[in-house]
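A quick write-up on the structure given underneath.
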Amino acid sequence: MGVGVALPPLNSNIRKAVLAPISRIRRLTLGHAGVWDLSPSVASDVRGLQPGTWTRPSRRWGSVTPVVLHRHPKRRGQCMEDLVAECCAHAGLPTPSEIVATTGAQFEGGADSREFSGIASRPHVHVVLAFDRAVRGPMLIGAGRYRGYGLCRPLESA
């Protein structure tokens, strides 16, 4: 359907310099997933390819790809939710007021977190995050956020 690239805030010259080589990519080799031939498109009516789908402010977010935790829970009383809160802090996000960890994605077509072998033996978990205030995306959290893991989507408008 499409491929997206999440960039941090950049001045326009740097943004153009980064996007120029990306826009020339015509083929992605994805290991066991095969090869994708790409063609450029500026606009799309597919909702999942609209920037607002991923960037609009929301108080509630759900993971589309599993969050890879930085480590296994080790300390007495520490749970997955504590580690997810650490992932949010590490990504510069506010502390969620509520965290629900689950194996299943909140979105149709999302794969179960146990289907991802991903990054070494680190735990993978899907999450629903609630914040006290609206947070603007794109939101990527966890140890795999630079590899497409931990991609979250708003569950509601702000």
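The values are calculated or read from the model by the stated rules, or taken from the named source; none is laboratory data. None of these values were measured; they are calculated from a predicted model.
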| note | Taking segment 21-72 and keeping only residues that are assigned to a strand (DSSP E or B) and in the same structural domain as PRO94 (by TED's automatic domain parsing), one is left with SER58, ARG59, ARG60, TRP61, GLY62, SER63, VAL67, VAL68
| field | Filtered residues of segment 14-33 (kept if more than 14 Å from GLY2 (Cα to Cα) and at pLDDT 85 or above) | value | ILE14, ARG15, LYS16, ALA17, VAL18, LEU19, ALA20, PRO21, ARG24, THR29
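Please verify whether segment 54-61 includes one or more residues that are modelled with pLDDT under 80, among the hydroxyl-bearing types (Ser, Thr, Tyr) and under 22 Å from the mean Cα position of the chain (by Cα).
For segment 54-61, residues modelled with pLDDT under 80, among the hydroxyl-bearing types (Ser, Thr, Tyr) and under 22 Å from the mean Cα position of the chain (by Cα): absent.
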